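What follows is a single structure, written as structure tokens, with notes after it.
The values are calculated or read from the model by the stated rules, or taken from the named source; none is laboratory data. What you are looking at is a predicted structure, and each value in this text was computed from that prediction instead of being measured. Cβ coordinates were reconstructed from backbone atoms using ideal geometry, including for glycine residues, and neighbour counts include every protein chain displayed. The accessibility values were calculated without ligands, DNA or RNA, using every heavy atom of the protein model including side chains. Shrake-Rupley method; radii C 1.70, N 1.55, O 1.52, S 1.80 Å.
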There are 2 protein chains.
Amino acid sequence: MRAAIRVIARGGVSAATTRAIVSEAKMPLGAFHYVFTSRDELLSQVIRTVTDDERMAVELALPGEGATFEQVVVAALDAYLDLLIADPERELALFELAFYGMRSEPDLVGRQYGVYYREGEAILTQLATMCGLTWREPMPVMARRLVVVIDGVTTTWLADRDTPAAREFVRSVAPWIAASAVPVTA
Amino acid sequence: MRAAIRVIARGGVSAATTRAIVSEAKMPLGAFHYVFTSRDELLSQVIRTVTDDERMAVELALPGEGATFEQVVVAALDAYLDLLIADPERELALFELAFYGMRSEPDLVGRQYGVYYREGEAILTQLATMCGLTWREPMPVMARRLVVVIDGVTTTWLADRDTPAAREFVRSVAPWIAASAVPVTA
DNA sequence: TCCAATCTTGGACGATCGTCCAAAAAGCGC
DNA sequence: GCGCTTTTTGGACGATCGTCCAAGATTGGA
């Protein structure tokens, strides 16, 4: 299972053959269909379980004391960028899995993005309350906005690997996102 | 060539076998290696040539007379959304090709995104001058911003197919983008 | 200790892949 | 019409894929 993710990260979904996976896991070939009924079922399981927990978790990186909310947002997105740059193949694999799933099981991918949205909601509320703020727009709307931004930042950076440009983008969107947070009305 | 794109759009990169492509093109099997030296070379050619020209071109859709610049930006992004919704498999294929290329020929994908940026610059300048405006930030920065937004909108919609949410996002980012345009100083 | 039930394994099978190549088809000057 | 060059073709080959399964290893009760 973990081995399958490593294989996909290294060589893409097409490299995730039954033999490559069991070899990575140091298991005999027969063990594959002893655990999973088929290769497609394995990929389904992988898509279902490998939610990018780190992606959202790492965004709780805290800036220095007395920072503006905009700086807090920048710090969070910068922390995600650090994660992306440190392990690009992981994010690459996640997207490949999502695109693969869009063809075989579109509903599954839709549900998986629902998980992302909920994780995004949690992060956004933590960031806001940290600064005594609350979000003006409904949380589902804000969470989807965050996912759109992160997806865009990720795919574009994976393509051009232009780290300074990605940093610049983060600093330019942060005010827009932060502008949707208002002081909590007591 | 066109046949290869159709096959990829229908079944993904993994479905782009030599036999499937020549069958789609109604050509004999031998013709494949008579035209292309290998399958990888074909995919390289496809990535190189299939710039999403329509993507950028369609964004020149004009709103009614006397519209604010923000409304012009919304109309442009809405027009792209129409294109995406009308032919999702095309955009899906483009992303699959890009991700495939990131593993085999990263530099090629980077150059291809350079083409996107230049096309984005052209669109942005056209949109701005149409309203007697100019962009405050350098054009490469603005163009990359546009690509990040479009990539994010696309991947997220492909995953959740939530059209109203995508429309809402377009209306919420438009002010942020439009805010970088200022009246041309005579 | 021995047998039966269960779990585990690696080899085998059919399908399909990319690639090659000998032969057929098609031009073409004479 | 004929011989020669060039283009075009589909069958063949080796590799690799997902999947299956008979045989070997393991376990636990009598």
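The set of residues in region B:136-145 being open to solvent by 10 Å² or more (accessible area, probe 1.4 Å), in contact with a helix residue (DSSP H, G or I) (Cβ under 9 Å, 6 or more places away or on another chain) and more than 7 Å from chain A (Cβ to nearest Cβ) consists of B:ARG136, B:GLU137, B:MET139, B:PRO140. Within region A:32-52, being of a type outside the set (A, V, I, L, M, F, W, C), modelled with pLDDT under 95 and touching a Leu at 6+ places or on another chain (Cβ under 8 Å) holds for A:ARG48, A:ASP52. Here is the figure for region A:97-114: residues that are open to solvent by 30 Å² or more (accessible area, probe 1.4 Å) and touching a residue at least 12 places away in the same chain (Cβ under 8 Å) total 3. As an exercise: evaluate B:GLU65 against (1) acidic (Asp, Glu); (2) within 16 Å of DNA strand D (Cβ to nearest atom); (3) away from chain A (no Cβ under 14 Å) and give the number of the one condition it does not meet. So the condition that B:GLU65 fails would be (2). Taken over region B:80-94, the criterion of being in a helix (DSSP H, G or I) and either open to solvent by 10 Å² or more (accessible area, probe 1.4 Å) or in contact with a Cys (Cβ under 9 Å, 6 or more places away or on another chain) (or both) is satisfied by B:ASP82, B:LEU83, B:ILE85, B:ALA86, B:PRO88, B:GLU89, B:ARG90, B:LEU94.
Among residues of region B:10-47 being in a helix (DSSP H, G or I), small (Gly, Ala, Ser) and open to solvent by 20 Å² or more (accessible area, probe 1.4 Å), the one that is nearest to B:GLU105 (Cα to Cα) is B:SER14. Against the test of being more than 23 Å from A:TRP176 (Cβ to Cβ) and out of contact with any strand residue (DSSP E or B) (no Cβ under 9 Å at 6 or more places or on another chain), the options A:GLU119, A:GLU70, A:GLU65, A:GLU59 yield a single qualifying residue, A:GLU65.
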